[in-house]
Amino acid sequence: MNGDLTPVRAGFIPLIDAAALIVAADRGFAAEEGLRLELVREVSWANVRDRLMLGQFDAAHILAPLAIAAALGSDYTKVEMAAPLALGLNGNAVVVSTGLYRAISDAAPGDLNDPAETGLALSRVIAARRKQGAEPLVFGMVFPFSSHNYQLRYWMAAAGIDPDRDVQLVVLPPPYVADALAKGQLNGFCVGAPWASVAVAQGVGHILHFGVDLIARCPEKVLATRSNWAAANAPTLQRLVRACARAAAWCAAQENRTELAQILSAPERLGIEPQTIRQILDGRLMIAPNGETRADARFFVLDGWAALRPDPRHALWLYAQMVRWRQIEHSPAAVMGAAGVYRPDLFDAALTTRNDASAADGIGAFAGPLFTAGDVAGYLAAVARSA
Amino acid sequence: MALRILVVDHNSERASVVRQALVDVGGYMVEVAPRAGDLLALLRTAQPDVLIVDLDLPDRDTIEQLRVATRERPRPIVMFVDQSDNSMMHAAIEAGVSAYVVDGLSVNRVRPVLDVAIARFKAFDALRRERDAARSQLAERKIVDRAKGILMRAKGITEEEAYDRMRRTAMNEQRKMSEIAQSIVTAAEMLK
């Protein structure tokens, strides 16, 4: 049957939220759908975007705001994009150097888990540094069109800090951030898992916030294709979406976590040791060099319909951040264009064959989280959360 | 004045070939950064006129931000790319990259490639400016047309009268026609 598989080429960046795509390819879900899913590991988001635009990739694991920016042609060539699947929610963390952590905790009157408190403390640190004539603090993020950029800005702006004037925001690729923090080139950063953990494990930084402290349900990466590819390859796209959604359900089952961590740790996938990946999957992260941990089940969310079905409100929220930070100009056409990237219709076309045993979880309920047979307690908790 | 060139490449052998070639030709100040951590510091001090980048480095995203941040004064960017990767060239050229150094280059090829890069960059940059200007003209015309339609319907006046009204308001308020038109469209949408 191998000869009959339809080839699909997809790019990804080695991050935890590429899990659904990786598992779809590496654990047979794509093959079950009749696809030969070839994954290409990329090094930069700009490369992923270019290759997707050009047709070197049929699909890609890509920053949701970057897919929207591409569709709006706000910076580059305009290529219409369709995102039939969200690859989970959340997963970012704000990390600060040990020095800045000390300064913030000295200046924070209250709860360090409260971003309003830490933001206030940060603004005090900034004011004190300005008085001393010190250089502005430097914060890293992964791309101008990224939730990481918007989360950092949201946090700062809420405390009256102007992220374009009071600090310096720089783009730094995730594999470099820990090193840059150690060298003092960065004072902090917002990055996706597992790279925050890497910095903490190296003893150079503290996780100050989980992304969920700032935005409880933050859109992150999507599975994106060119709209014209999606239209011309509708059956193939449906099979790809189904394979990834089934893979996501498999990833979300607690009993599979050990195996999942193994799959993701492979050198040609994330190339990170399985223990670190396991901590992230469990939502239990080491947040300080002294070994202190913090747990939050929402740290990275991959389970359930609500995390996978593209929600146009998410696209619009990201669009609003782009307008807020002057990356694009507001217009009614741009609103339509941004919302139009998220395609719940394509998700539904692939998955809501209701009462059909081929539904993502074998159940096909019309609403609510996917049923996870291997984790009934987790499923019930997800039901309670979505109620 | 010597052209400042920054080479970002983890392949130190290739980087030194490029550097040597440029130094031999003369007229260039060349610095080499192995990767982004150092790149940020170097960009501050070196202020390069041209960047030469290895496409297989994640540093491309850092340079992307730089390109956005320095839109007024964009720099030509040359990228190293694998020989097999022809279509990447088109993507990157579209994106503002001016030329490619294909792997396996020899010393005497560096200078011509750089010349081509700078020439192409200038041409591309001019084209882009023209395109941006044309785009905004078109957008302005569209918004003026929409506002005209709204006025005609709301006031029961002719196209000419509607245009005239907007033109007079623009003159009185010393604003652009497109700004007046935008206010009308926005107001109409809010009143819908």
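The values are calculated or read from the model by the stated rules, or taken from the named source; none is laboratory data. Predicted model only: the values in this text are computed from it and were never measured. Cβ atoms come from the backbone with ideal geometry, glycine included; neighbour counts cover every protein chain shown. Just so you know, the surface numbers come from the protein's heavy atoms only, side chains and all, with ligands and any DNA or RNA stripped out. Shrake-Rupley method; radii C 1.70, N 1.55, O 1.52, S 1.80 Å.
Here are a few things to note about the model shown:
- Candidates A:PRO84, A:PRO235, A:PRO115, ranked by Gaussian network fluctuation over chain A, Cα under 10 Å, top entry: A:PRO235
- Normalised by 2.2 N^0.38 Å, where N counts its residues, the alpha-carbon radius of gyration of the stretch A:1-148 equals 1.43.
- Residue among A:HIS148, A:HIS209, A:HIS61 with the largest mean-square fluctuation in a Gaussian network model of chain A, springs linking Cα atoms under 10 Å: A:HIS209
- Local net charge near B:SER136, Cβ-Cβ under 12 Å (Lys/Arg +1, Asp/Glu -1): +2
- Debye intensity ratio I(q)/I(0), log10, chain A, q values 0.11 Å⁻¹ (C-alpha model): -0.75
- Helical mean residue ellipticity (222 nm; -39500 (n - 2.57) per DSSP H run of 4+; nearest 500) of chain A: -13500 deg cm²/dmol
- Evaluated with a Cβ-only charge set (Lys, Arg +1; Asp, Glu -1), chain A carries a dipole of roughly 560 debye about its Cα centre, given to the nearest 20.
- More than 23 Å apart - percent of Cα-Cα pairs taken over the stretch A:92-214: 19 percent
- B:VAL25/B:LYS192 FRET efficiency (R0 60 Å; Cβ-Cβ; nearest 0.05): 0.40
- Sum of side-chain charges, B:ARG167 neighbourhood, beta-carbon under 12 Å (Lys, Arg +1; Asp, Glu -1): +1
- Residue order for B:GLU189, A:GLU33 - accessible surface, 1.4 angstrom probe, largest first: B:GLU189, A:GLU33
- In the complete set of protein chains, residue-level accessible area for A:LEU380 is approximately 100 Å², probe 1.4 angstrom.
- Rolling a 1.4 Å probe over the protein chains gives B:GLU173 an accessible area of about 90 Å².
- Unsatisfied cross-links (Cα-Cα over 30 Å) in the set A:LYS221/B:LYS148; A:LYS78/B:LYS176; A:LYS221/B:LYS142: A:LYS221/B:LYS148; A:LYS221/B:LYS142
- Net charge of neighbours whose Cβ lies under 9 Å from the Cβ of A:LEU87, counting Lys and Arg as +1 and Asp and Glu as -1: -1
- Solvent-accessible area, 1.4 Å probe, carbon plus sulfur percent, for the stretch A:119-218: 50 percent
- Sites A:ALA295 and A:ASP164, calculated FRET efficiency, Cβ-Cβ separation with R0 45 Å, nearest 0.05: 0.80
- The accessible-area ordering, largest first, of the residues B:ARG141, B:ARG135, B:ARG175, A:ARG239 stands as B:ARG141, B:ARG135, B:ARG175, A:ARG239, per a 1.4 angstrom probe.
- The mean accessible area for residues of the stretch A:92-214, using a 1.4 Å probe and ignoring ligands and nucleic acids, is 34 Å² per residue.
- Candidate aspartates and glutamates - alpha carbon under 17 Å from B:LYS155, same-chain residues fewer than 8 apart omitted: B:ASP145, B:ASP164, B:GLU189
- Residues in the stretch A:19-58 occluded by at least 20 Å² - accessible area, probe radius 1.4 Å, against chain by itself: A:VAL43, A:SER44, A:ALA46, A:ASN47, A:ASP50, A:ARG51, A:LEU54, A:GLN56
- Interface size, chains A and B: roughly 2500 Å² of accessible area buried, both sides included, 1.4 Å probe, rounded to the nearest 100.
- Anisotropy class of the stretch B:134-191 from Cα gyration tensor, a/c 1.5 cut: rounded
- Of the residues A:THR293, A:THR225, A:THR98, the one that moves most in a GNM of chain A with alpha-carbon contacts below 10 Å is A:THR293.
- Each residue, A:ALA349 and A:LEU112, gets one label point 7 Å from its Cα in the Cβ direction; the gap between the two is 5.1 nm.
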